[in-house]
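Below you'll find the structure, written out as structure tokens, and then a few comments.
Throughout, read-outs are computed from the coordinates displayed, never taken from laboratory work. Because the structure is a prediction, the values reported are computed rather than measured. Cβ placement follows ideal geometry from the backbone for every residue including glycine, while neighbour counts extend to all protein chains displayed.
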């Protein structure tokens, strides 16, 4: 008897994240990004988020973490203790490694939620972060150095960038 395939369909979850990104208000000062956290063992979505969903200048990944911490009545710093062993973060755009606002970067948040072999073990992205706001993003290297697998899924780049840059004066405006 064959074992049931429980591996997630990365493109399907990235499309769900893209649908979330479309809920973010178009602004010239940020990218519209969608994200979701998945328990890869059960293919259960743990939390979703999009840019500016929560109060403040919140990024999509940050919104996921805020909502999950509220659901567990825990501070964000303790979420690694309740995350399943193999949690995947899906995000339409590579997590930021620097914030112009001075807020904690999504990269730093992910690293804090991946201590001791628990928490986020894989980050699946649809596009690399364009250099428009903060220059080169070193997130992928830092995540991989911390033992977190980063997977860039091809095929949705054009659609993701069109959604992400809505509100920008750029080549991606439709």
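With both residues required to sit in the chain, DSSP beta bridges show an antiparallel share near 50%. Per residue, the average separation of C-alpha pairs within less than 8 Å and at least 6 apart gives region 10-164 a relative contact order of 21 percent. Placing dummy labels 7 Å off each Cα toward the beta-carbon, the span from residue 103 to residue 141 is 2.6 nm.
By the count of neighbouring beta-carbon atoms within 10 Å, fewest first, 115, 142 end up ordered 115, 142. What is the ratio of the Cα radius of gyration of the chain to 2.2 N^0.38 Å, with N the residue count, to two decimals? Against the compact-globule rule of thumb, the ratio is 0.98.
The alpha carbon gyration tensor of region 1-96 gives principal lengths a ≥ b ≥ c with a/c of 1.5 or higher and a/b no greater than b/c, which makes the shape oblate. Ordered by the count of other Cβ atoms within 10 Å of each Cβ, fewest first, 48, 42 give 42, 48. Against the main long axis of the alpha-carbon atoms of the chain, helix 10-21 sits at an angle near 50°. So if we plug the beta-carbon distance of residue 162 and residue 42 into 1/(1 + (r/R0)^6) with R0 = 30 Å, what FRET efficiency do we get, rounded to 0.05? With a Förster radius of 30 Å, E is 0.40. Given their separation in residues at 0.36 nm each and the Cα-Cα distance between them, residue 151 and residue 74 gain 24.8 nm when the chain is fully extended.
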